[in-house]
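The values are calculated or read from the model by the stated rules, or taken from the named source; none is laboratory data. Given the structure is predicted, the values throughout are model-derived calculations rather than measurements. Cβ: placed from backbone, ideal geometry, glycine included. Neighbour counts: every protein chain shown. All accessible areas refer to the heavy atoms of the entire protein, side chains included, with ligands and DNA or RNA removed. Shrake-Rupley method; radii C 1.70, N 1.55, O 1.52, S 1.80 Å.
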Amino acid sequence: MSTGLKVPYHRPSIGTEEIDEVVRTLQSGWLTTGPRTAQFEREFAEYVQAPHAQAVNSCTAGLHLALAALNVGPGAEVITTPLTFCATVNVILHVGATPVLADIGPDGNIDPISVESRITERTKAIMPVHMAGLPCDMNAIWALAKRHGLSVVEDSAHAAGSRYHGFPIGAGNPGTGDRSDASVFSFYATKNLTTGEGGMVTTHDAALADSLKVLCLHGISKNAWNRYADRGHWYYEVIASGFKYNLSDIQSAIGIHQLKKLEQFIHVRTRYASLYNQILEEVEEFEVPATNPDCRNAWHLYMLRLNLEKLAISRDEFIEELRKKGIGTSVHFIPIPLHPFFAPYASLPENECPRAIALYSRLISLPLYPAMTETEVEFVAESVRDIAHRARRSKPVFLPAAGD
Ligand SMILES: *Cc1c(COP(=O)(O)O)cnc(C)c1O
C-alpha cells in the first residue's frame, strides 16, 4: 500500500523470519490456535516477567476478557482516562459497567489524584493507559487499589517493552509484590510489536489465568476435557458464556519473530525520539514529550505538543502543512468526551477532564518507527521546525482556557 507520502505515518517492520514462519505454519496444517500460539504465550510471559499469558485476537478483546474474568459487570464503575482509544471505554460498556473518567496529569497519563477523587462505593476497577509507552504512576494506582479493594487492568497497548522502576510492564513490582490484576497488550499493525491484529493478556493470578482461558474460547472448560478424557477427544463442557477471542497460529508465527526483535525495535525508537528531542526541544513553539527517569519509555508514539499561544496557526493547520511536505501524522487521541456516543455521560460534572481537552488541541504524533531512516527523522524534525518558524506569532496571545 502506498500513501503517496514521502514519510508515511507508519511502515511495518516485517522481515523474512516472519514471512518464512507464516509459510511454515500454513504448510504445517495447523492454522488456528496451536503450538505456535502456545510458544508465543510462553515467550511473551517470560519477556514481561509474568507467569501467565493468554493470547487474544486483539487488545480490545483482551481488555473485555479481563473485565469479564474479574466479574466487573452491571452496577460497577470503572475509572479510566479520557486520553485513550475508544476501545478502553467501549469494553467497560460491553460488560455493562459504567465508565468514569479521571483527568490526566502533566505527563499525559491518568492522574492518581483525579482517580482518587472519582472513587465511589460502586468503583470496582481502574484502567490506566500507558500513553505512548510512558508508564503511568503505578505505585500510586496500586496504593489506591489496595486501599479501596479495586482491580487494576492496565491498557498496555502502547507498552510492550516499557519498563517501570526497572521491571517490564506486566511484571508489577517484584520487590513489594504490588501488581495489577492483568496487563493487556496490542499487536495491531502500528504497535511496537505486531501480528497484524492480535493481543496478549498477562497476569500473576493462576485462577484469573484459568478464567481468561475459558472465556477466551466459548466458555469451554479444558478441565472437563481432561476429567472425561475416557469419553473421547470429542467431549467438552461449556461452563460460562464465553467469547471467541483466540489468536491463530498464523498470527502467532509473526509474533514469535517480532518478539525476538522487540528490544532492537525499542532501541531504534529511543534513538529516533532523542533525535527529535535534540532538534525540537530548543524551539520555543514546541514542548517535547514528557519523560520519567525511573521508567523506560517504549516510545510507541512521539507526541509533540505545540505552544499554540506562540503560533499563528492551529494544530489542524499545522498537520495540513506537514501533509503538503509529504509527512503523515496522527493525533492520539480525540478525548473520549468529544465523541458523540460518549458525550452524554462524559459531560456529567463528575467526568470533567479540562486538562485532557486542552492538551488534545496541542497534540501531533510525528512518524516514529524502526523502518524509518535517520535521514527521514531529520527531514520530519526540520520540516516541523521550519513550519513553526514561518508560523511564528509576532506577539504572543493569551488563549482562553478550555471551556471558556
Ligand atoms: C490500539 C489501542 C487499543 C486497541 O488495540 P487493538 O489490538 O486494536 O484492539 C486499545 N487501547 C489503546 C490505548 C490503543 O492504542
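Worth a mention:
- Number of the condition not met by Val152 [criteria: (1) assigned to a strand (DSSP E or B); (2) over 30 Å from Gln258 (Cβ atoms)]: (2)
- Note on segment 174-187: residues that are touching a strand residue (DSSP E or B) at 6+ places or on another chain (Cβ under 8 Å) and modelled with pLDDT of 95 or more amount to 9.
- Here Ile220 meets the list (1) of a type in the set (Val, Ile, Thr); (2) open to solvent by 20 Å² or more (accessible area, probe 1.4 Å); (3) touching a residue at least 60 places away in the same chain (Cβ under 8 Å) almost entirely, failing just condition (3).
- Boolean, Pro35 is under 21 Å from Asn351 (Cα atoms) and either assigned by TED's automatic domain parsing to the domain that holds Tyr164 or away from the ligand (no atom under 13 Å from the Cβ) (or both): no
- If the condition is being part of a loop (DSSP other than H, G, I, E, B) and in contact with a helix residue (DSSP H, G or I) (Cβ under 6 Å, 6 or more places away or on another chain), then segment 267-283 contributes only Val283.
- In segment 307-364, counting only helices (runs of 4 or more DSSP H) that sit wholly within it, the ones holding 2 or more residues that are of a type in the set (D, E, K, R) span 315-324.
- Single residue of segment 313-336 satisfying the filter (touching a strand residue (DSSP E or B) at 6+ places or on another chain (Cβ under 7 Å) and farther than 20 Å from Thr190 by Cα) that is surrounded by the most Cβ atoms within 10 Å (Cβ to Cβ): Ile336
- When Ser330 is tested against (1) of a type outside the set (Lys, Arg); (2) out of contact with any helix residue (DSSP H, G or I) (no Cβ under 8 Å at 6 or more places or on another chain); (3) more than 16 Å from the ligand (Cβ to nearest atom), just one condition goes unmet, and that condition is (3).
- Options Ile92, Ile113, Ile119; residue that is within 18 Å of the chain's Cα centre (by Cα) and at pLDDT 95 or above: Ile92
- None of Ser162, Ser156, Ser180 is among the small types (Gly, Ala, Ser), in the same structural domain as Leu70 (by TED's automatic domain parsing) and near the ligand (Cβ under 9 Å from one of its atoms) except Ser156.
- Of all residues making up segment 2-31, the number that are in a helix (DSSP H, G or I) and open to solvent by less than 50 Å² (accessible area, probe 1.4 Å): 4
- Wholly within segment 48-135, helices (runs of 4 or more DSSP H) carrying at least 1 residues that are within 16 Å of the ligand (Cβ to nearest atom) and open to solvent by less than 10 Å² (accessible area, probe 1.4 Å): 59-69, 86-94
- Looking across segment 165-184, the residues that are surrounded by 24 or more Cβ atoms within 10 Å (Cβ to Cβ), at negative phi and out of contact with any Gly (no Cβ under 6 Å at 6 or more places or on another chain) come down to Ile169, Ser180, Ala182.
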